[in-house]
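Colleague: Starting off with a structure, shown below.
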2 protein chains.
Amino acid sequence: MRHRYAKILIFILALSLFTPAFADEGLWLFNMPPSSVLKAKYNFAITPEWLQHVQLASIRFGGASGSFVSPDGLVLTNHHVGQGAIQNLSTKDRDLMRTGFYARTRAEELKAPGMELSVLQEIEDVTAKVLGAERPDMTAVQAAEARDKVISALEKESTEKAGLRSTIVNLYSGSMYHLYKYKVYTDVRLVFSPEYLIAFFGGDPDNFTYPRYDFDITLFRIYENDKPINSKHYLKWNTSGLKENELVFASGHPGSTGRLLTLAQMEFLRDVSYPTTIANYERRRALLQEYGKRGLEYARQAQGPLFGIENSLKATIGYQSGLLDKALMAKKAKEEQAFRDAIRKDPATDREFGKAWDELALAEKRFAEFFKAYRFFEGGAGFSTGYFGMARTLVRLAAEKSKPNDERLREYRDAGLPSITRRIQAVTPIYNELEVFNLTDSLNQLQKEFGIMQEVKWLFAGKPAEDVAKELIAGTKLKDPEVRKSYLAGGLDAVYLSEDPMIKLALLVDPVSRGLRKKYEAEVESAETRNGALIARAMFKLKGTAIPPDATSTLRLSFGTVKTYVESGKKIPFTTTFQGLFDKAAKFAGKPPYELPPSFLQAKTKIKLDTPLNFIATCDSIGGNSGSPVINRKGEFSGVLFDGNIQSLPARFVYSDEQNRSVMVHSQGILEALTKIYNAQPLVNELLGKK
Amino acid sequence: MRHRYAKILIFILALSLFTPAFADEGLWLFNMPPSSVLKAKYNFAITPEWLQHVQLASIRFGGASGSFVSPDGLVLTNHHVGQGAIQNLSTKDRDLMRTGFYARTRAEELKAPGMELSVLQEIEDVTAKVLGAERPDMTAVQAAEARDKVISALEKESTEKAGLRSTIVNLYSGSMYHLYKYKVYTDVRLVFSPEYLIAFFGGDPDNFTYPRYDFDITLFRIYENDKPINSKHYLKWNTSGLKENELVFASGHPGSTGRLLTLAQMEFLRDVSYPTTIANYERRRALLQEYGKRGLEYARQAQGPLFGIENSLKATIGYQSGLLDKALMAKKAKEEQAFRDAIRKDPATDREFGKAWDELALAEKRFAEFFKAYRFFEGGAGFSTGYFGMARTLVRLAAEKSKPNDERLREYRDAGLPSITRRIQAVTPIYNELEVFNLTDSLNQLQKEFGIMQEVKWLFAGKPAEDVAKELIAGTKLKDPEVRKSYLAGGLDAVYLSEDPMIKLALLVDPVSRGLRKKYEAEVESAETRNGALIARAMFKLKGTAIPPDATSTLRLSFGTVKTYVESGKKIPFTTTFQGLFDKAAKFAGKPPYELPPSFLQAKTKIKLDTPLNFIATCDSIGGNSGSPVINRKGEFSGVLFDGNIQSLPARFVYSDEQNRSVMVHSQGILEALTKIYNAQPLVNELLGKK
């Protein structure tokens, strides 16, 4: 499954050249839709009304996606997208992951702590304003600072004027800037979630595979002033199903793709970034599995993090498989060379764009030199505990708030503050034994890699990592939300005079972390933006904007068809059914991860077993698209995207519709389960618009 | 001697009531001179021209004083004021402290590293502008911040407009604000200094005593563009001497007095501040004496610091003797009570001013609670090494420069930056063995007092203080001025990614230091200013401005007469002579500290032995006045102030002209020694205006 657990480094996104979009490729901007392709290939005339309706029915769900499915603020997403909220609402004695949840009345709906959903209201092209801040004689760093000032001013102005949270999205690696304005909702309540066993049936072995049999959905409802909101732009339910080759759309928030990266950037990922992260996931998975073996409650605590790690690990291995594919890389190299050759033909064009590739390569080379340090300090990999995250946020928030808006670290600008302060105050469960376990591991890594550094020596003082971790976790008072609130109120003074060991730790490593970040921004990011933008402009010049920009965690539209594919000579059907689910469980004798929850076993006789449960389509997607509504021509909700098959992973870099498929829960399957298994008739009525 | 070694906390200056000035008390403002007193008591009509001439001939010499004594930029001050420069120009093989120095030609004059002299050009009353920033509903902290914004804006504006370094001086504890504009000189060269033996004849035993026999002078010359400046406002030489009861003036930079402090503030000094500093000086003196015993070169290295500590120790004990004097404190209490009673009589006056004393007392009580921590961290007492000072300056300079001018720590505002950057780049000797010695001692104190703090634990990591000190000093590269320069250029990035252990130490303790400073400013300083200003305004209302403000390290004029006093029933003569000097040396058989340098011994027969060497007068002075020219009615240089007698020390709090005397080197004695002992005829000709 492809919930974006780690916000994968957006900075690695820059541009290189591919041949223009073919097949059903593309994560398209809502304000630059693929109208002509849709018209030509599918005879579908996409209208502004259709687009606006879908945009306003689409929901940004942290780093993932969702949609409105009733006029009363009902929101549908994946179980694995809502999992954080479900775990936060669970305790040792009320394990909603295990039992599932259904609020038969609105009064029973459970408010999820610290949650925030947003809906994109408007997009404004501010490219001219942002790029207008650059002067030709500026260095890459100066240009980045100049743009940054304009960006933060525009964001602040728009946020204040429109009363909408406004952020500027950097597209095509800094050659386009669009201002996105969001309405933000913070009262989000859990309405329905199935048992983890059926939401994630097949577990890690079946993750990123197809055929699939997962009931990976969860429903929330958005409230304002203690009343469900009026969500007039919601998706009506498709009850008539989908045919093979039928045109469908997915509307969601793909996190990050690298299709326009240069070869050097891909090599950086292949040789530096991915090997490190894969090894780290492997080690942490093994450790968390051991932790879970200590007992049932330990297993419950480890379930969420373990899912996240296994999911990311499988995805990253999949991405890496693309980069390790020599044919794919050779193709990429050839295309890049062809583009560079084309540029070299005209001396003026060469002067303008020619050096960009080499300068980008140099930036990657520089980054490789301090990538590990960056990851351990600024990335926080050396201090894996939620408490460190809290402490760093409190320390930095206090420091940044005392600066002018446009000089702050970007995540602490005014536009983002309500979100941060809400999150830091949210009451969510945290398990000290698990925190010690995680922190010990990361400190061990830190000492192995950076034991020679003064800060690390100070922190360890000759003690083993476990003792250090235990002291830090036992000493911190940040578990108490009131304590966190008091730091928010107390500002820098409270932070500076804190005696909390976790705050002290955050203060201890903040200088070197900030230093590495600054170095990264100066030596890597600014060069990536400058040269990435150059390459993009060269591409526009030579080929126009037929290729959509790489994903940026913002709303995109993709299209495709419901379609089988051939694997090992076998044609894979485009839907699975409830019958297939029961068959698969039987084949594995109901042993984990093919164990069915009692609700499914008990209701088997009532279910219409040939009802479609999951289905596939060619529409382009990647991590972050989890929870995206899949929509037919009429704009009806036809399913919810929850995964891609294993062949879709290399599509992070090169898309092909031959075998690449997104995997959805079918709208008919959802109705069948809600009706027959969960007896959720009021919910079904709401989805179908029946009173 | 009263060179201001430690800039004694200016914040402890606030107001209380004394009866109006009587006798010759007063460190008067040049823009609010005691004209009527001078007229009434001495029939001296002080003119604007006289004042302006003296002001422009007076020099600010670090925390002390000096004056122009020729039209070619020649500056006279004390040897102990110039001592830092003399030591910086000395090496193991060229010990100018021992040998003295005389540049027979201008080419031989030695440029002193990092030195900065300034001359006050203009004073502007900006009280209305500064206080106009306050609003009645502001808390003390808000008011302080509002004033601060105006102050830094005015300073910046004036510095830029006038091309003069401009700083605002807070007078009468925040009830008056004057803008001082200085011309700053940075090319300062050593012209003449005598041997330490005669400059500080009598050493610590005779320090702060009288009769005295010290040749405590040094001459520098100010250059600009490699040429001596044209100093048209210089003091002509008084060759005709001084008579008993003759009116004289001292013009200099008294550092800090506490005559307008409330009883609570004096009690804070008596019970909290002075006991701590006295104990610290005692311990450090003992240690430095031990260090000096290791050998001749060790003694040479320890000489400067030891002088400073002994000087401060004796002064502080003298101040404390005033506070421990029960009669003096009872008088003070009675006066304060009478003032408060007078205020209580009118309900409106009482409402406006009545609470100020209790609120001040509360602020002192609060400060007592964290005074020690403040001293060790923000005060730097825990890290006694010049390297820590450099590291902290580099760390803070980088951090503060990235903030808007008016939000910086006040010493890092634009107006002060040239001075700081010059000082940090200056090439001055630093002795690692002495640094380890001092740092070890302070770390031992730190651990004893604050060993429980996380930062301290980290720093020690279980090791003894000496090992920690050795590692820090051996590891730092800050000895190299080029390294310091590179941090200046590299800014925050260089600091954050530094691997220098001293920079790391400064970063480690900076948060808690800043926290304590902020706490001090919020809980103590702002209350002192607010309530001190209230008490001052009450005083203005009841008694006008007949009492000058307490000293603030800025230019002041005091007056008095050359006058004997009676001690133990014995009348003390108002001058001493060369004869007296030789007699005293003989009495102690020329043993240290009564050892005469060879130059004096050899020249004895040539000297006119009844020439006055030192003399005394009643004019008010305190630490910082060292180097002040003492001037007769005609405005002639008649001597240089270098000390006060022991009876003058309690005058920090209560002045009396009964026994309180300032001690000077006589202008005739200076001529005699330069001519007969040092054969410095060209210099004498320059002083006398002969070609």
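The values are calculated or read from the model by the stated rules, or taken from the named source; none is laboratory data. Here the structure is a predicted model, which is why all the values come from computation and not from measurement. Backbone-built Cβ (ideal geometry, glycine too); neighbour counts: all protein chains shown.
Colleague: Could you grab the pairs with beta carbons closer than 6 Å, sequence gap of 6+ or different chains, first residue in region A:213-225 and under 17 Å from residue A:616 (Cβ atoms), second one of a type in the set (S, T, N, Q) and part of a strand (DSSP E or B)?
Modeller: A:213/A:576
Colleague: So residue B:95 fits all but one of (1) surrounded by fewer than 16 Cβ atoms within 10 Å (Cβ to Cβ); (2) in contact (Cβ under 8 Å) with a residue 60 or more places away in the chain; (3) not hydrophobic (A, V, I, L, M, F, W, C); what number is the exception?
Modeller: Of everything listed in (1) surrounded by fewer than 16 Cβ atoms within 10 Å (Cβ to Cβ); (2) in contact (Cβ under 8 Å) with a residue 60 or more places away in the chain; (3) not hydrophobic (A, V, I, L, M, F, W, C), residue B:95 misses just condition (1).
Colleague: Going through region B:585-600 one residue at a time, which ones are surrounded by fewer than 19 Cβ atoms within 10 Å (Cβ to Cβ) and closer than 18 Å to residue B:212 by Cα?
Modeller: Answer for region B:585-600, where residues must be surrounded by fewer than 19 Cβ atoms within 10 Å (Cβ to Cβ) and closer than 18 Å to residue B:212 by Cα: B:586, B:587, B:588, B:589, B:590, B:591, B:592, B:593, B:595.
Colleague: Looking at residue B:466 and the list (1) part of a loop (DSSP other than H, G, I, E, B); (2) surrounded by fewer than 17 Cβ atoms within 10 Å (Cβ to Cβ); (3) among the charged types (D, E, K, R), which single condition is not satisfied?
Modeller: The single condition residue B:466 does not satisfy is (1).
Colleague: Shifting gears a bit: Can you confirm whether region B:427-441 contains a residue that is in a helix (DSSP H, G or I), without any contact (Cβ under 8 Å) to a residue 60 or more places away in the chain and within 9 Å of chain A (Cβ to nearest Cβ)?
Modeller: No, there is no match, as no residue in region B:427-441 is in a helix (DSSP H, G or I), without any contact (Cβ under 8 Å) to a residue 60 or more places away in the chain and within 9 Å of chain A (Cβ to nearest Cβ).
Colleague: Has region B:583-595 got at least one residue that is of a type in the set (Phe, Trp, Tyr), touching a helix residue (DSSP H, G or I) at 6+ places or on another chain (Cβ under 7 Å) and over 28 Å from residue B:343 (Cα atoms)?
Modeller: Narrowing region B:583-595 to residues of a type in the set (Phe, Trp, Tyr): B:588, B:594.
Those still in the list that are touching a helix residue (DSSP H, G or I) at 6+ places or on another chain (Cβ under 7 Å) too: B:594.
Checking which are over 28 Å from residue B:343 (Cα atoms) leaves us with B:594.
Among the residues of region B:583-595, at least one is of a type in the set (Phe, Trp, Tyr), touching a helix residue (DSSP H, G or I) at 6+ places or on another chain (Cβ under 7 Å) and over 28 Å from residue B:343 (Cα atoms), which makes the answer yes.
Colleague: Considering only residues of region B:469-488 that are assigned to a helix (DSSP H, G or I), among the hydrophobic types (A, V, I, L, M, F, W, C) and away from every other protein chain (no Cβ under 14 Å), which is farthest from residue B:422 (Cα to Cα)? Talk me through it step by step, then tell me what you get.
Modeller: First, pick out the residues of region B:469-488 that are assigned to a helix (DSSP H, G or I): B:469-475, B:481-488.
Pick out the ones that are also among the hydrophobic types (A, V, I, L, M, F, W, C) and you get B:469, B:472-474, B:483, B:488.
Cutting the leftovers down to away from every other protein chain (no Cβ under 14 Å) gives us B:469, B:473, B:483, B:488.
Values: B:469: 27, B:473: 23, B:483: 14, B:488: 11 Å.
Among those that are assigned to a helix (DSSP H, G or I), among the hydrophobic types (A, V, I, L, M, F, W, C) and away from every other protein chain (no Cβ under 14 Å), it is B:469.
Colleague: Still on this model: How many residues does region A:280-319 hold that are under 23 Å from residue A:93 (Cβ atoms), among the aliphatic types (A, V, I, L, M) and without any contact (Cβ under 8 Å) to a residue 12 or more places away in the chain?
Modeller: 2
Colleague: Within the group A:297, A:359, A:364, which residue is within 26 Å of the chain's Cα centre (by Cα) and among the acidic types (Asp, Glu)?
Modeller: A:364
Colleague: If you go through region A:118-137 one residue at a time, how many are crowded, with 16+ Cβ neighbours inside 10 Å, outside any strand (DSSP E or B) and aliphatic (A, V, I, L, M)?
Modeller: The total comes to 4.
Colleague: Still on this structure: Give me the pairs: first residue in region B:450-474 and small (Gly, Ala, Ser), second residue at pLDDT below 95, beta-carbon distance under 6 Å, and six or more apart or on different chains, which are they?
Modeller: B:461/A:461
Colleague: For region B:521-543, indicate whether the set of residues that are more than 30 Å from residue B:344 (Cα to Cα), in contact (Cβ under 8 Å) with a residue 24 or more places away in the chain and either facing chain A (nearest Cβ under 8 Å) or among the hydroxyl-bearing types (Ser, Thr, Tyr) (or both) is non-empty.
Modeller: So far as region B:521-543 goes, no, none of its residues is more than 30 Å from residue B:344 (Cα to Cα), in contact (Cβ under 8 Å) with a residue 24 or more places away in the chain and either facing chain A (nearest Cβ under 8 Å) or among the hydroxyl-bearing types (Ser, Thr, Tyr) (or both).
Colleague: Examine region B:489-505 for a residue that is out of contact with any helix residue (DSSP H, G or I) (no Cβ under 9 Å at 6 or more places or on another chain), more than 14 Å from chain A (Cβ to nearest Cβ), free of Cβ contacts under 8 Å to residues at least 12 places away in the same chain and not basic (Lys, Arg), and state whether such a residue exists.
Modeller: yes
Colleague: Does residue B:564 meet the test of being within 22 Å of residue B:656 (Cα to Cα), of a type in the set (Val, Ile, Thr), more than 14 Å from chain A (Cβ to nearest Cβ) and within 28 Å of the chain's Cα centre (by Cα)?
Modeller: On the way: within 22 Å of residue B:656 (Cα to Cα): yes; of a type in the set (Val, Ile, Thr): yes; more than 14 Å from chain A (Cβ to nearest Cβ): yes; within 28 Å of the chain's Cα centre (by Cα): yes.
Yes: the conditions hold for residue B:564.
Colleague: Those residues that are at the interface with chain B (Cβ under 7 Å from one of its Cβ atoms) and in contact with an Asp or Glu (Cβ under 7 Å, 6 or more places away or on another chain), I need them from region A:506-515; list them, please.
Modeller: Within region A:506-515, A:508, A:512, A:515 meet the criteria.
Colleague: Checking residue B:457 against (1) at the interface with chain A (Cβ under 10 Å from one of its Cβ atoms); (2) out of contact with any Leu (no Cβ under 7 Å at 6 or more places or on another chain); (3) under 24 Å from residue A:399 (Cα atoms): exactly one of these is not met. Which one?
Modeller: (3)
Colleague: Just a yes or no: is a residue in region B:504-513 among the hydrophobic types (A, V, I, L, M, F, W, C), assigned by TED's automatic domain parsing to the domain that holds residue B:644 and out of contact with any Lys or Arg (no Cβ under 8 Å at 6 or more places or on another chain)? Step through it out loud before you land on a result.
Modeller: Narrowing region B:504-513 to residues among the hydrophobic types (A, V, I, L, M, F, W, C): B:505-509, B:512.
Filter once more, so that each one left must be assigned by TED's automatic domain parsing to the domain that holds residue B:644: none.
Within region B:504-513, not a single residue is among the hydrophobic types (A, V, I, L, M, F, W, C), assigned by TED's automatic domain parsing to the domain that holds residue B:644 and out of contact with any Lys or Arg (no Cβ under 8 Å at 6 or more places or on another chain).
Colleague: Answer yes or no: is there a residue in region A:444-452 that is out of contact with any Lys or Arg (no Cβ under 9 Å at 6 or more places or on another chain), within 14 Å of chain B (Cβ to nearest Cβ) and either of a type in the set (Asp, Glu) or not in a helix (DSSP H, G or I) (or both).
Modeller: So far as region A:444-452 goes, yes, one or more of its residues are out of contact with any Lys or Arg (no Cβ under 9 Å at 6 or more places or on another chain), within 14 Å of chain B (Cβ to nearest Cβ) and either of a type in the set (Asp, Glu) or not in a helix (DSSP H, G or I) (or both).
Colleague: Of all residues in region B:389-423, which are closer than 18 Å to residue B:379 by Cα and away from chain A (no Cβ under 14 Å)?
Modeller: Passing the criteria: B:389, B:390, B:393, B:397, B:410, B:411, B:412, B:420.
Colleague: I would also like to ask the following. Does at least one position in region B:360-377 carry a residue that is of a type in the set (Phe, Trp, Tyr) and over 27 Å from residue B:309 (Cα atoms)?
Modeller: Looking through region B:360-377, none of the residues is of a type in the set (Phe, Trp, Tyr) and over 27 Å from residue B:309 (Cα atoms).
Colleague: Still on this structure: In region A:531-559, what residues are among the aliphatic types (A, V, I, L, M) and more than 25 Å from residue A:181 (Cβ to Cβ)?
Modeller: A:534, A:535, A:538, A:539, A:542, A:546, A:547 - these are the residues of region A:531-559 that are among the aliphatic types (A, V, I, L, M) and more than 25 Å from residue A:181 (Cβ to Cβ).
The rows are residues; the columns are (1) over 20 Å from residue A:217 (Cβ atoms); (2) in contact (Cβ under 8 Å) with a residue 12 or more places away in the chain; (3) not charged (D, E, K, R).
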| position | (1), (2), (3) |
| --- | --- |
| A:571 | yes, no, no |
| A:578 | no, yes, yes |
| A:595 | no, yes, no |
| A:600 | no, yes, yes |
| A:604 | no, yes, no |
| A:609 | no, yes, yes |
| A:613 | no, yes, yes |
| A:618 | yes, yes, yes |
| A:625 | no, yes, yes |
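Colleague: If you don't mind, another one. State whether the residues of region B:219-238 include one that is hydroxyl-bearing (Ser, Thr, Tyr) and modelled with pLDDT under 95.
Modeller: No - not one qualifying residue is present in region B:219-238.
Colleague: Still on this structure, please answer the following. Looking at the structure I just gave you, is residue B:51 surrounded by fewer than 21 Cβ atoms within 10 Å (Cβ to Cβ) and either among the aliphatic types (A, V, I, L, M) or within 23 Å of the chain's Cα centre (by Cα) (or both)?
Modeller: Numbers: surrounded by fewer than 21 Cβ atoms within 10 Å (Cβ to Cβ): yes; either among the aliphatic types (A, V, I, L, M) or within 23 Å of the chain's Cα centre (by Cα) (or both): yes.
Against the criterion (surrounded by fewer than 21 Cβ atoms within 10 Å (Cβ to Cβ) and either among the aliphatic types (A, V, I, L, M) or within 23 Å of the chain's Cα centre (by Cα) (or both)), residue B:51 qualifies.
Results for (1) within 30 Å of residue A:506 (Cα to Cα); (2) touching a strand residue (DSSP E or B) at 6+ places or on another chain (Cβ under 6 Å); (3) modelled with pLDDT under 95, shown as yes or no for each residue.
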| position | (1), (2), (3) |
| --- | --- |
| B:425 | no, no, yes |
| B:430 | no, no, yes |
| B:434 | no, no, no |
| B:448 | yes, no, no |
| B:464 | yes, no, no |
| B:471 | yes, no, no |
| B:474 | yes, no, no |
